[in-house]
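Before any comments, here is the structure.
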Amino acid sequence: MYSYKSRCDKIFLKSDKNIDTDAIKNFNIKFKDNTIANNYIKYKLEKKKYNDKIGFLIRRGCKEYLDFEQEERHKEEKKRIKTKKYASNISNCKIYKENEKKYLKEYMSSLSLGVKSKIVSKLKKTLKNPKDKKIKRLACYIKLLLDILNSIECKSNNNLTISNIINKFDSEYKPKEPKIEIKKSIAKNYLEYLLTNKTINDGDLKTYKELFKNDASFIDAVQKIIKSYSDCK
């Protein structure tokens, strides 16, 4: 099976499969609902608490305090001094870490739903006016969704790629009058052009623009595929 390369050059997923929240923030998505932004703010706040150095005379980060606890577990009871001495800091650090995980999960979950909705609206606008900037932005929304769902944080077991979407589109797209046969034969080529680094000549692009600018069936097919993917949990 042919493997497609995304038109989007942005990277939202790190090599270790952890999501890059800073890259997502820099992508500058605007949502009408504040839930996603609020979850992100809460996550960053707890992350900052965890990373900040705490203590009166000797300031340490949470990782160091939690490492103390791990070390002490391997020592005799009478030698477990650090754990007792830093019990309050260790307890707080555990809370920060749990809250960080909690709000990151809530952020990712709400974000994946928001991006799915954005993809549909972006696709509608792109079909009506397929300028390069709109096409690339759409491709990046698709890539962002796939990176979110493929991340460790989501645990959705989707293992999704651009190829999944394009190959499923062929069976999901059911054009209505007029020009059903022509549309069916070239719709996949147009989706490839919109989402991947595939190039086409000006004549074909003009034909695609005219045929698909108001094609609700094209949008429905992509929306159905996107909705079929498990949400970030």
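Since every read-out is calculated from the coordinates, none of them should be taken as a lab result. This is a predicted model, so every value here is computed, not measured. Every residue, glycine as well, gets a Cβ built from its backbone with ideal geometry; the counts of neighbours run over all protein chains shown.
Assorted remarks:
- Rounded to the nearest 10 degrees, the angle from helix 180-195 to the longest Cα principal axis of the chain is 40 degrees.
- Between 0 and 90°, nearest 10: helix 202-212 axis offset from the chain longest Cα axis: 80 degrees
- Contact order, relative form, for region 21-228: 19 percent (alpha carbon pairs under 8 Å, 6 or more residues apart, mean separation divided by residue count).
- Rounded to the nearest 500, the 222 nm mean residue ellipticity of the chain from helices alone is -21000 deg cm²/dmol, with -39,500 (n - 2.57) taken per DSSP H run of at least 4 residues.
- Full extension of the chain between Glu98 and Ser15 gives 27.5 nm of extra length, using 0.36 nm per residue less the Cα-Cα distance.
- Shown is the FRET efficiency for Asp52 and Ile200, computed with R0 = 35 Å from the Cβ-Cβ distance and rounded to the nearest 0.05: 0.10.
- Most fluctuating residue given options Asp16, Asp170, Asp132, as computed from a GNM of the chain linking Cα atoms under 10 Å: Asp16
- Cα-derived Rg over Rh, computed across the chain with Rh taken as Kirkwood radius: 1.16
- Here Asn28 and Ala216 are evaluated by their C-beta separation; at R0 = 35 Å the FRET efficiency comes out at 0.75.
- Nearest-ten-degree value, helix 132-149 long axis tilted from longest Cα axis of the chain: 50 degrees
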